[in-house]
Amino acid sequence: MPMVLKQTVVAWATLGGLALFLIVGVTSANVGAFAVDRLARLFGTHFPALPGFEDFVRLVVSSAALMFFPYCQYRHGHMSVDLIGSKIPRGLKSLLDRLSLAGTALLALFLAYWMTLGMFETKADHALSRVLGWPEWPFYLPGIVSLLLWALVSAWQLFSATRQNHD
């Protein structure tokens, strides 16, 4: 795999991890604020939780969730169940692997296409988050990039597997 693609996939997953750390941090702060509020109510006062917490978590999770898919594909971290793989001929197994890689690349492109259409529709509708009032369409972009990277990694693996079988 080209070094630039590998570095991009690793950096993208790292950004996804940072997004998850933000989610955990905001969630922890909100839970802490809730606990302080319960204590403050005993003394007749109020300590509000973080306004827009649900908006933030929903939007950032929707962005971060797909950011790990390209890295998982790069590391061959997908799950497989080998019930008959050890019993079929090597050539057939290689063909099935290539079909799986082609199917994965096509699926990722298909999802990226529909997600792009959804983003344009959301932008045209001027959809805003309920509490924070943030536009929702920009949060589609990381998902679209993730799906395109996933398709690219799968296509590269398919190309590499096909080339190895012809050498």
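All of the numbers you see were taken from the coordinates with simple rules; none came from a lab. Remember, it's a predicted structure, so these values are computed and weren't measured experimentally. For neighbour counting, all protein chains shown are included, and Cβ atoms are generated from backbone atoms with ideal geometry for every residue, glycine included.
Some notes on this structure:
- In the range 28-65, the residues that are touching a residue at least 12 places away in the same chain (Cβ under 8 Å), outside any helix (DSSP H, G or I) and small (G, A, S): A49, G52
- Options L147, L152, L132; residue that is surrounded by 13 or more Cβ atoms within 10 Å (Cβ to Cβ) and not in a helix (DSSP H, G or I): L132
- Residues in the range 23-82 that are farther than 30 Å from L101 by Cα and of a type in the set (S, T, N, Q) were compared, and the one that is surrounded by the most Cβ atoms within 10 Å (Cβ to Cβ) is N30.
- Residue ID - farthest from V57 (Cα to Cα), chosen from residues in the range 114-129 that are under 23 Å from the mean Cα position of the chain (by Cα) and outside any helix (DSSP H, G or I): A127
- Here the condition is being under 30 Å from Q7 (Cα atoms) and assigned to a helix (DSSP H, G or I); of L111, L92, it holds for L111 alone.
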